[in-house]
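The values are calculated or read from the model by the stated rules, or taken from the named source; none is laboratory data. Since the model is a prediction, treat every value here as computed from it, not as a measurement. Virtual Cβ from ideal backbone geometry, glycine too; neighbours counted across all protein chains shown.
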Amino acid sequence: MKWYKRDPDAFKGGTLGLSLEEIGAYTLLLDDIYARDGNVPDDIRYLCRLWRCDPRVARRIRARLLELKKLENSGQLLTNLRATYELSSPDVTPYLKAKTQRNQQNGPTHLESRIKKKEERAHARATPPRNFKTINGGRSHAEQHSVCAAIDRLLAQGAQELDSGTIETDYVCVPER
């Protein structure tokens, strides 16, 4: 399972009395229980790797979490009552399957839509390219913008109208040196 529903208030309430070290270990273990669909071995070496700690620390934290009933030892696996319930919920499996199928069909649409919006915003600004400096003849930024927009419209209609003198401007874009 790549994600799971988490209730921050329930977590804060359920971890009252735990040290910061125990809360961190408990969080990593819960994440691992969900990621491995509840198949987390009750093995000190495994917990040492997961928690990045010494075996003595892992034994102490494991014993404390078992004592407080945050974890249960079911055979050779460590489990959590709520995680077991959530993983066996009939609502979880169909939702995950449907989400996986949607992602496979649609592909990276979010990224593509962000790129498209960024390109549209850049085109709508009607400002000179960054490697150009503006000689504006004393115009304000708003006036420069309207002149750029007028030039863009004329360019879209055809270059012959520019030659006929329909617009007079001293707004010039020149390459920077």
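Tabulated data
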quantity	calculated
Matching entry among Gly38, Gly17 (being part of a loop (DSSP other than H, G, I, E, B), in the same structural domain as Thr84 (by TED's automatic domain parsing), in contact with a Ser or Thr (Cβ under 8 Å, 6 or more places away or on another chain) and touching a residue at least 40 places away in the same chain (Cβ under 8 Å))	Gly38
Among the candidates Tyr34, Tyr46, residue that is of a type outside the set (Lys, Arg) and surrounded by 15 or more Cβ atoms within 10 Å (Cβ to Cβ)	Tyr34
Some residue of the range 1-13 being closer than 17 Å to Glu72 by Cβ and either among the aliphatic types (A, V, I, L, M) or assigned by TED's automatic domain parsing to the domain that holds Thr84 (or both)	no
Check on Arg64, more than 30 Å from the chain's Cα centre (by Cα), assigned to a helix (DSSP H, G or I) and in contact (Cβ under 8 Å) with a residue 40 or more places away in the chain	yes
One residue from Leu29, Leu20 being surrounded by 14 or more Cβ atoms within 10 Å (Cβ to Cβ), closer than 18 Å to Val57 by Cα and either out of contact with any His (no Cβ under 9 Å at 6 or more places or on another chain) or at pLDDT 90 or above (or both)	Leu29
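So that you can scan it fast, the table gives a plain yes or no per residue for (1) on the phi < 0 side of the Ramachandran plot; (2) in a loop (DSSP other than H, G, I, E, B); (3) not charged (D, E, K, R):
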residue	(1), (2), (3)
Lys2	yes, yes, no
Lys5	yes, yes, no
Ala25	yes, no, yes
Leu30	yes, no, yes
Ile33	yes, no, yes
Arg45	yes, no, no
